[in-house]
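Asks: Here you go, one structure.
The values are calculated or read from the model by the stated rules, or taken from the named source; none is laboratory data. Since we're looking at a predicted model, the values are computed, not measured. Note that each Cβ is placed from the backbone with ideal geometry, even for glycine, and that neighbours are counted across all protein chains shown.
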Amino acid sequence: MDGKGDEVDAGPALVSILRQGSYLIASIHTALDDSEMERFQSDLIDQIGKHRSRGVIIDVAALDVLDSFGSRTLRNIGEMARLRGAVTVIVGIQPDVALAMVELGMDTGKIHTALDLEEGLAYLSEAAQLSNPLSPPVDGER
Amino acid sequence: MTESQAADLEGALSFPALDRQDEEQLLPQLVAHLREHRSRLRAEWASRIQDSHLLQAMTPTEMGAETTSVYDNYVEVLETGSVEALQHYARDLSERIIPRGVETHEVVGIVLLLRDVLARSLFEKYQRDFGLLNRVLDAYEPAANRIANTVAVSFVDERERVIRQQQDSIRELSTPVLPVRERLLILPIIGVLDTERARQLTEQLLIGIRTHRAKMVVIDITGAPDVDEAVANHLVRTVDASRLMGASVIITGLSPEIAQTLVTIGVDLSKMNTVGDLQGGLEEAERLLGYR
């Protein structure tokens, strides 16, 4: 299940993408540069189709910085996953990161967020109970 | 401008080099004179303070003790030329009298009175020899100016320190993040919001969200007297950042004036969830959390 396991990189995995029922749980373990971020994006979108996932959780709790490219990629992943039929939740954004993201004026409008993995799973199972899980979030309520 | 006036001005900062020798000979004389007539001069000074209605926050006993210490410190500075001990004393004194409402002009006033009293006694002593009197004043004035300067600066420094300290404690007190029930926080904003405070407030809120695992936050701005564009933008950012942490925000307590101002200056608050008052905000939050 490790998205990076078979890559040429000798070092420890930078991200892991695990399957949990109909959900994918992707954890980013360390700061990624732009090309790593792009590879993470294509790996993840790939796996959504492979596992027929209905929900994706991206855990960024280990990151203490998230640059504009990173947050734009996360937003794009959310959008792409929606096109492939999965709801995406970003979890574990640290206070400093949240502050930096809004101070830099990043458009975070369409990202679903939750405090941590547990909350993210709760959010996804709630979303699954709705008649149309693909509908965008009710603004400000979730 | 005469030469002595010029020297006088300069003396406020340093002893003029020309007078070094004179000073060395004359200052011990002055000091001896001032020590000899200590009780008379001090009493005169104290009565002048009374007449000018200065330091009325202090009792006569305290006044006696403090004037004696100031007098002794004053003479000591004349003798040694070092203001360190005086600085120390002035800071200590300020610490004691600032909480009782003593103003800067009073402190400067009493020092200038003492300077005046002592100068008059020197006039009296040396009035028969103008040349000598001139030299005596040349030696006395710079030192006296330095003393007045030191006391005033020490007092103002101490005052500023106290003000800074109070500002810090107000700042800390004024941004409490309060858990009301599970997953629900209130953040009452009281007082003027400036950029620094808004930033600090956002930080505390985000940390609060993580600690309490909050899903809803009610920010109540009833206590904020004025909201301008900058503050409104801060609020929008706070809402966005909280959302990134997985918590939604309800803003309550927008006064009619603030509501009108915000719409008039055209701040985009469409993303903000607002409810009229804190009570309504809490009810709405509880509804969204599924408590009712």
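Asks: What are the residues in segment A:44-73 that are closer than 21 Å to A:Leu124 by Cα and among the acidic types (Asp, Glu), if any?
Replies: A:Asp46, A:Asp59
Asks: Among the residues of segment B:176-188, is any out of contact with any Leu (no Cβ under 9 Å at 6 or more places or on another chain) and more than 25 Å from A:Ala100 (Cβ to Cβ)?
Replies: The answer is no, given that none of the residues of segment B:176-188 is out of contact with any Leu (no Cβ under 9 Å at 6 or more places or on another chain) and more than 25 Å from A:Ala100 (Cβ to Cβ).
Asks: If I filter segment A:1-21 down to residues being among the small types (Gly, Ala, Ser) and surrounded by fewer than 14 Cβ atoms within 10 Å (Cβ to Cβ), which single residue comes out as modelled with the highest pLDDT?
Replies: This residue is A:Gly21.
Asks: So, one more: Taking only segment A:66-101 into account, find how many residues are within 14 Å of chain B (Cβ to nearest Cβ) and aliphatic (A, V, I, L, M).
Replies: Number satisfying all stated conditions: 11.
Asks: Scan segment B:239-257 for residues that are within 38 Å of the chain's Cα centre (by Cα) and either surrounded by fewer than 19 Cβ atoms within 10 Å (Cβ to Cβ) or of a type in the set (S, T, N, Q) (or both) and jot them down.
Replies: Of everything in segment B:239-257, those that are within 38 Å of the chain's Cα centre (by Cα) and either surrounded by fewer than 19 Cβ atoms within 10 Å (Cβ to Cβ) or of a type in the set (S, T, N, Q) (or both) turn out to be B:Ser242, B:Thr252, B:Ser255, B:Pro256, B:Glu257.
Asks: Across segment B:23-60, which residue is farthest from the chain's Cα centre (by Cα) among those that are more than 21 Å from B:Tyr140 (Cβ to Cβ) and in contact (Cβ under 8 Å) with a residue 24 or more places away in the chain?
Replies: Checked segment B:23-60; the qualifying residue farthest from the chain's Cα centre (by Cα) is B:Ser52.
Asks: Here is a further query. Filter segment A:111-127 down to residues that are among the charged types (D, E, K, R) and surrounded by fewer than 17 Cβ atoms within 10 Å (Cβ to Cβ) and give me whichever is modelled with the highest pLDDT.
Replies: The qualifying residue modelled with the highest pLDDT is A:Glu118.
Asks: Looking only at helices (runs of 4 or more DSSP H) that lie completely in segment B:20-83, which have at least 1 residues being of a type in the set (Phe, Trp, Tyr)?
Replies: B:38-51, B:60-80
Asks: Is one or more of the residues making up segment B:245-262 at the interface with chain A (Cβ under 8 Å from one of its Cβ atoms), under 28 Å from A:Ile111 (Cβ atoms) and touching a Ser or Thr at 6+ places or on another chain (Cβ under 6 Å)?
Replies: Among the residues of segment B:245-262, at least one is at the interface with chain A (Cβ under 8 Å from one of its Cβ atoms), under 28 Å from A:Ile111 (Cβ atoms) and touching a Ser or Thr at 6+ places or on another chain (Cβ under 6 Å), which makes the answer yes.
Asks: Among the residues of segment B:221-238, which ones are under 33 Å from the mean Cα position of the chain (by Cα) and of a type in the set (A, V, I, L, M)?
Replies: Within segment B:221-238, B:Ile221, B:Ala224, B:Val227, B:Ala230, B:Val231, B:Ala232, B:Leu235 meet the criteria.
Asks: Something else about it: Looking at segment B:186-215, which of the residues that are more than 29 Å from the chain's Cα centre (by Cα) and touching a residue at least 40 places away in the same chain (Cβ under 8 Å) is surrounded by the fewest Cβ atoms within 10 Å (Cβ to Cβ)?
Replies: It comes out as B:Ile186.
Asks: Determine if segment B:217-232 includes at least one residue that is farther than 18 Å from A:Ile93 by Cα, of a type in the set (Asp, Glu), modelled with pLDDT of 85 or more and touching a strand residue (DSSP E or B) at 6+ places or on another chain (Cβ under 6 Å).
Replies: yes
Asks: If only one of B:Arg120, B:Arg100, B:Arg96, B:Arg146 is out of contact with any helix residue (DSSP H, G or I) (no Cβ under 8 Å at 6 or more places or on another chain) and touching a residue at least 12 places away in the same chain (Cβ under 8 Å), which one is it?
Replies: None of the others qualify; the one that does is B:Arg100.
Asks: Go through A:Asp107, A:Asp59 for me and flag whichever is on the phi < 0 side of the Ramachandran plot and in contact (Cβ under 8 Å) with a residue 40 or more places away in the chain.
Replies: A:Asp59
Asks: Quick one: A:Leu32 ticks every box in (1) more than 25 Å from A:Glu126 (Cα to Cα); (2) surrounded by fewer than 20 Cβ atoms within 10 Å (Cβ to Cβ); (3) modelled with pLDDT of 85 or more; (4) not hydroxyl-bearing (Ser, Thr, Tyr) except a single one, so which number is it?
Replies: Just one mismatch for A:Leu32, condition (2).
Asks: When segment B:111-151 is examined, which residues are found to be of a type in the set (S, T, N, Q) and either surrounded by 15 or more Cβ atoms within 10 Å (Cβ to Cβ) or under 25 Å from the mean Cα position of the chain (by Cα) (or both)?
Replies: Once the filter is applied, which keeps residues that are of a type in the set (S, T, N, Q) and either surrounded by 15 or more Cβ atoms within 10 Å (Cβ to Cβ) or under 25 Å from the mean Cα position of the chain (by Cα) (or both), segment B:111-151 yields B:Ser121, B:Asn145, B:Asn149, B:Thr150.
Asks: Next question. Which condition number does B:Val218 fail, the rest of (1) within 8 Å of chain A (Cβ to nearest Cβ); (2) touching a helix residue (DSSP H, G or I) at 6+ places or on another chain (Cβ under 7 Å); (3) buried (at least 23 other Cβ atoms within 10 Å of the Cβ) being met?
Replies: So the condition that B:Val218 fails would be (1).
Asks: Can I ask one more? Here's a check for you: in segment A:85-110, which residue that is among the charged types (D, E, K, R) and at pLDDT below 85 is farthest from the chain's Cα centre (by Cα)?
Replies: A:Glu103
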